[in-house]
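The values are calculated or read from the model by the stated rules, or taken from the named source; none is laboratory data. Being a predicted model, the structure only gives us computed values, none of them experimental. No Cβ is skipped: glycine too gets one built from the backbone with ideal geometry, and neighbour counts run over all protein chains shown.
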Amino acid sequence: MKYIIVTGGVLSGLGKGITVSSIGKLLKSSGLRVTAIKIDPYLNCDAGTMNPYQHGEVFVLDDGGEVDLDLGNYERFLGENLTSDHNITTGKVYKAVIEKERKGEYLGKTVQIIPHITNEIKERIKRVSEKTNADVTIVEIGGTVGDIESMPFLEAARQLRREMGSESNCVFVHTTLVPVLSTVGEQKTKPTQHSVKELREIGIQPDVIVARSAAPLDYEIKKKISLFCDVPLEAVISTPDIDCIYKVPLVLHEQNLTAYLLRKLELGERKTDLDEWRKMVETLENPKHEVSIAIVGKYTHLKDSYLSYTEAIRHCEAALAARVNKIWIESETLEERPEELEKLKGVDGILVPGGFGNRGIEGKIRAIQFARENKVPFLGVCLGFQLATVEFARNVLGYKDANSTEFNPETTHPVIDLLPEQKGVKEMGATMRLGAHKIHLKPKTMIAGLYNSTVIFERHRHRYEVNPNFIEVLETHGLIYTGKSEDGRRCEVLELKEHPFFLGTQFHAEFKSRPEAPSPPYFGFIRACLEYRKGRTEGKG
Ligand code: GLN
């Protein structure tokens, strides 16, 4: 069992998660079993209660864990399904220690950060590597070295290296920023030196430095970092700004990081097969087709709130050799200024993603109506699926006040209603329907065709569902529920007859999309957008 611990210096937001994911990809492509853990030094027990505006999207795992979005990147790069144990937070650690203390498990001892909290952290890390039987476990310590919050985790990492005996069992990678001072135009290494100094003060000497910078690091700068930070020259790695995260493994590999890590970890010489990955990146860089889609949401100012959606779309770009232009539309603007609907006239598809709360609902409903009436390809996810039902009930069935009881508890047509097991439950996060559930797809439907299967497992995060009392009348008028939960009562998929592509899913298929295996609903959607575009341009021509 070997560990790679990744720390961060200077600033947050340097793409540490992408570095971790990329290192994982390189080792996995070298034939090793790899897993990854994200440590978030905040007191929340999980990301379930966190606002997407602050931290980006809440990622959902098979087991229902609501976790940091970095775990989404790990899953996408590694092609593995992770569990909630792979996201360790201060909240989880302290909660467990305090509960043990209350049960008397510490036998009267004074319970302290060292050793009780640090032991709990190490045990959690080791448990994951044992359970996954990984050759290498990569541990990302969130935050920046020097933060009070991350201290116990760094101390635990220091102890872990000592306990692992040989240095070849535990390697430290430190990610930093090398800024350029505009007046002199020179790459500056001082912030890197300082953050390494800070690491050393707590007893950690990095083995590798991954330096983020606008342009590739100059050779002289690499040499300087090597000298001042006491890291071999070959272990100073440059990660310049690049447009596509999937290129990062290739950038690291070109600088021989894979060979260096394998040597350091004493894992022998290995062939690293990145052929498929390289092809995927090349296709992304040389698209043959182009489409524009509108994404009608309410967190459109912070793109990280929709990270899994945009990644799922990117996977389709690779599979279809297409460039997808994303037109972000703040749904509230569609409510306030109906002329904003004009924007939808130029697009080849409309995506309405998930969300919570009242704001922007009517705008989303308008966008769905536009897609339905004008036969523009439409994909509605979770809230988007629910609102497609509301829109149909209002504008086709004529139930003027149809709504979800999430937005209007008094509606006379509650076509979307609270899950029965949720009734009377006040807190929001605790009992949401979460994680992967089995779904049966009706044979010979569009969705079964896309998955090429009638049984699928997809991930969920919701409290409301289609009210079973309305299914029959909705279906008679052409809105067909083509996917149902295992027990047959819960609607999971909707399709519209007489429309080239109108699909809604109660589940979030984007969470399981992978660069080399795009999610079927997204693939179908983007393919339909391409066809729609073709039809339009040919019509004009
Ligand atoms: N607010 C809706 C619900 O709770 C949709 C949730 C979502 O889109 N993730 O059911």
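Numbers at a glance
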quantity: Which listed residue is without any contact (Cβ under 8 Å) to a residue 40 or more places away in the chain, part of a helix (DSSP H, G or I) and within 16 Å of the ligand (Cβ to nearest atom), from E362, E342, E332; calculated: E362
quantity: Residue match in the range 55-73 (condition: surrounded by fewer than 23 Cβ atoms within 10 Å (Cβ to Cβ) and out of contact with any Gly (no Cβ under 9 Å at 6 or more places or on another chain)); calculated: yes
quantity: Complete set of residues in the range 450-465 that are crowded, with 16+ Cβ neighbours inside 10 Å, out of contact with any Pro (no Cβ under 8 Å at 6 or more places or on another chain) and among the hydroxyl-bearing types (S, T, Y); calculated: Y464
quantity: Among the residues listed as E311, E254, the single one being within 21 Å of V20 (Cβ to Cβ) and buried (at least 18 other Cβ atoms within 10 Å of the Cβ); calculated: E311
quantity: Flag if I204 is in a loop (DSSP other than H, G, I, E, B), surrounded by 14 or more Cβ atoms within 10 Å (Cβ to Cβ) and hydrophobic (A, V, I, L, M, F, W, C); calculated: yes
quantity: Residue in the range 431-444 that is within 13 Å of the ligand (Cβ to nearest atom), modelled with pLDDT under 95, in contact with a Leu (Cβ under 8 Å, 6 or more places away or on another chain) and assigned to a loop (DSSP other than H, G, I, E, B) present; calculated: no
quantity: Subset of the range 452-472 [away from the ligand (no atom under 16 Å from the Cβ) and of a type in the set (S, T, N, Q)]; calculated: N452, S453, T454, N469
quantity: Where a residue in the range 305-319 is at pLDDT below 95 and its partner, wherever it lies, is among the charged types (D, E, K, R) and crowded, with 22+ Cβ neighbours inside 10 Å, with Cβ under 8 Å and at least six apart; calculated: S305/E57; Y306/E57; L307/E57
quantity: Residue list for the range 405-422, filter: within 14 Å of the ligand (Cβ to nearest atom) and either within 30 Å of R536 (Cα to Cα) or β-branched (V, I, T) (or both); calculated: T405, V415, I416
quantity: Of the criteria (1) out of contact with any helix residue (DSSP H, G or I) (no Cβ under 6 Å at 6 or more places or on another chain); (2) buried (at least 19 other Cβ atoms within 10 Å of the Cβ); (3) within 25 Å of R263 (Cβ to Cβ), which one V196 fails; calculated: (1)
quantity: Lone unmet requirement of (1) surrounded by fewer than 20 Cβ atoms within 10 Å (Cβ to Cβ); (2) within 15 Å of the ligand (Cβ to nearest atom); (3) modelled with pLDDT of 95 or more; (4) among the charged types (D, E, K, R) for E475; calculated: (2)
quantity: Any hit, the range 383-404, residues being touching a residue at least 60 places away in the same chain (Cβ under 8 Å), part of a loop (DSSP other than H, G, I, E, B) and within 16 Å of the ligand (Cβ to nearest atom); calculated: no
quantity: Residue list for the range 263-304, restricted to those being aliphatic (A, V, I, L, M) and either assigned to a helix (DSSP H, G or I) or free of Cβ contacts under 8 Å to residues at least 24 places away in the same chain (or both); calculated: M280, V281, L284
quantity: Residue in the range 484-506 that is within 30 Å of W277 (Cα to Cα), part of a loop (DSSP other than H, G, I, E, B), of a type outside the set (V, I, T) and under 24 Å from the mean Cα position of the chain (by Cα) present; calculated: no
quantity: Of all residues in the range 27-42 being closer than 13 Å to A134 by Cβ and in contact with a strand residue (DSSP E or B) (Cβ under 7 Å, 6 or more places away or on another chain), the one that is surrounded by the fewest Cβ atoms within 10 Å (Cβ to Cβ); calculated: L32
quantity: Total residues in the range 125-146, condition part of a helix (DSSP H, G or I) and over 29 Å from K197 (Cβ atoms); calculated: 7
